[in-house]
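One structure is given below, encoded as structure tokens.
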């Protein structure tokens, strides 16, 4: 298990209700694959193996857990929530009852790892390319 002090500190500094939830999620990630490495990115814990696999966060009244490539994953057990509900794919996690069963979450983590192992990338963001093209066209026409 590749743990880092930064994640220990993040969990310790979280709201009291969140500490056991974050510890549980962390343990599940490492149970899913012992090769996972922890990192702090954007001030929150990320779990990597051949790229980002998943991340978690704690807020004042809820936690979040998300998969970096969730849009490419098969949500066989329909555990993903609408993205407007929270930053994670599991919705607002306020207690253990808001989490799917451990075996299902571990299977999803393993699926995310498999995407990285197979070298599957997220599709490029089309909006940025379109915006760049529009800017280039506008600059061309202005001259």
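The values are calculated or read from the model by the stated rules, or taken from the named source; none is laboratory data. The structure presented is a predicted model; accordingly, all values stated were derived computationally and were not measured. Using ideal geometry, Cβ is built from the backbone for each residue, glycine included, and neighbour counts are taken over all protein chains shown.
Checked against (1) loosely packed, with under 15 Cβ neighbours inside 10 Å; (2) without any contact (Cβ under 8 Å) to a residue 60 or more places away in the chain, residue 50 meets all criteria but (2).
Residues in region 89-98: is at least one part of a loop (DSSP other than H, G, I, E, B), closer than 27 Å to residue 2 by Cβ and at pLDDT 90 or above? Checked region 89-98: no residue is part of a loop (DSSP other than H, G, I, E, B), closer than 27 Å to residue 2 by Cβ and at pLDDT 90 or above.
To keep it simple, each residue is scored yes or no on (1) outside any loop (DSSP other than H, G, I, E, B); (2) buried (at least 17 other Cβ atoms within 10 Å of the Cβ).
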{"position": "10", "(1), (2)": "yes, yes"}
{"position": "21", "(1), (2)": "yes, yes"}
{"position": "25", "(1), (2)": "yes, yes"}
{"position": "39", "(1), (2)": "yes, no"}
{"position": "60", "(1), (2)": "no, no"}
{"position": "76", "(1), (2)": "no, no"}
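For residue 67, indicate whether it is crowded, with 20+ Cβ neighbours inside 10 Å, within 16 Å of residue 114 (Cα to Cα), touching a helix residue (DSSP H, G or I) at 6+ places or on another chain (Cβ under 9 Å) and modelled with pLDDT under 95. Yes; evaluated as a whole, the condition is true for this residue.
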